[in-house]
Every structure is written in structure tokens, then in C-alpha cells.
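What follows is a set of notes on a single structure, which appears directly below.
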Amino acid sequence: MKDPLLLENQICFKIYTAEREITKLYRSLLEEIGVTYPQYLALLVLWEEQTISVKELGRKLFLDSGTLTPMLKRMEANGLVERTRSKEDERSVVISLTERGRDLKEKAECVPTRLLERLEMDGEELNQLDQTLTTILNRLQN
């Protein structure tokens, strides 16, 4: 029987280490387009939604407003997004892409492919990993 307290038997450590290494890969790929990994995640949501409230963006990214607001301010200063008050609810801030933010999508299209090349994963392995991680996340969130 495996010793449950050996570091090599800790699934949490393997997930943590893999996440750090994947983020490092992303960082090198994203430097070329001038965004950080968290900014890239926000852009992925915005490329899909176009406009979204800060609250909803935080919910999708699992980030609180204390983390999200400074990042969005930097993205606004870099001309990627605009922050405006909601017309329906003055307390709510809405984020939308600028033309520069929309144009960045074309430059970012190579990022997922290049990441998979670096991971040397085929479609089958990627699908298995995706299914396993989705199952884990769903179970943890319920």
C-alpha cells in the first residue's frame, strides 16, 4: 500500500506543480502579445461576451473584486478595455473591449496551439485531461 503522506503521492501537489509549470509556459507565450496570464483569461471571456459586468467576470474567473479591479485598471490604461458604470445600476461597473482589445484576439489565436505543442499532447490526451479536470471542479464546487 502506498504511504499516503509521501509528497509523491499527493494529488494536490501534482496539480499545484502542473499549474505552476503551465502558467510559466503561458507567461512566455503571452509576453509576445503583451498581456499577463490573468489578463489573458479576462480577454478570453471578453472576446466571447464583448461586454460584461465586473461582478460577472469575477464569477466566471473565480476572482474577487479586490484582485480583478487593479488588473482591469491596468488593462484600461493599456487601451484593452473600457470601464463604465451600468446605465441600469450605477453601482455596477461594466467592462467592454476597445478596438485594440478586439484586435489582440488575432495575435492570441496561436497561444492554445503553441501551448499544446509544448506539452506534446495529442487530442485524445487533451480530451481525457479536460474531462478529468471538469469532473474534479464540478465535484469541488458542489
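All of the numbers you see were taken from the coordinates with simple rules; none came from a lab. Only a predicted model underlies this, so the values are computations on that prediction, with no experimental measurement involved. Don't worry about glycine lacking a Cβ; one is built from the backbone with ideal geometry, like all the others, and counts go over all protein chains shown.
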(request) Round to a whole angstrom and tell me the spacing of the C-alpha centers of region 55-94 and region 96-119. (result) 20
(request) Taking the Cβ of each residue in Cys12, Cys110 as the centre, tally the other Cβ atoms inside 10 Å and list the residues starting with the fewest. (result) Cys12, Cys110
(request) Just the Kirkwood number for region 66-112, please: inverse of mean 1/r across all distinct Cα pairs, in Å, one decimal. (result) 11.8
(message) So if each residue of separation counts as 0.36 nm, and I subtract the Cα-Cα distance between Phe13 and Leu44, what length gain in nm does that give?
(response) 8.4 nm
(request) Quote the charge dipole size of region 35-106 about the Cα centre in Debye, to the nearest 20; the model charges only the Cβ of Lys and Arg (+1) and of Asp and Glu (-1). (result) 180
(request) Over the chain, calculate the relative contact order: mean separation of alpha carbon pairs under 8 Å at least 6 apart, over the residue count, as a percent. (result) 20
(message) How big is the dipole moment of region 7-141 about its Cα centre under a simple scheme where the beta carbon of each Lys and Arg is +1, that of each Asp and Glu is -1, and everything else is neutral? Debye, nearest 20, please.
(response) 620
(message) Return the Rg/Rh ratio of region 43-142 with Cα-based radii and a Kirkwood Rh.
(response) 1.05
(request) Take the Cα gyration tensor of region 1-103, multiply each eigenvalue by 5, square-root it, and list the three semi-axes largest first, rounded to whole angstrom. (result) 34, 17, 10
(message) How tilted is helix 11-31 with respect to the longest principal axis of the chain? Cα atoms for both, answer in degrees (0 to 90, nearest 10).
(response) 40
(message) Multiplying the sequence separation of Ile33 and Leu126 by 0.36 nm and subtracting their Cα-Cα distance, what value in nm do you get?
(response) 31.0 nm
(message) Quick check on the exposure proxy: order Thr67, Thr132 from fewest to most C-beta atoms within 10 angstrom.
(response) Thr132, Thr67
(message) Order these by the 10 Å Cβ neighbour count, fewest first: Lys2, Lys73.
(response) Lys2, Lys73
(message) Based on C-alpha coordinates, I'd like the Rg and Dmax of region 90-142, in Å.
(response) 17.0, 48
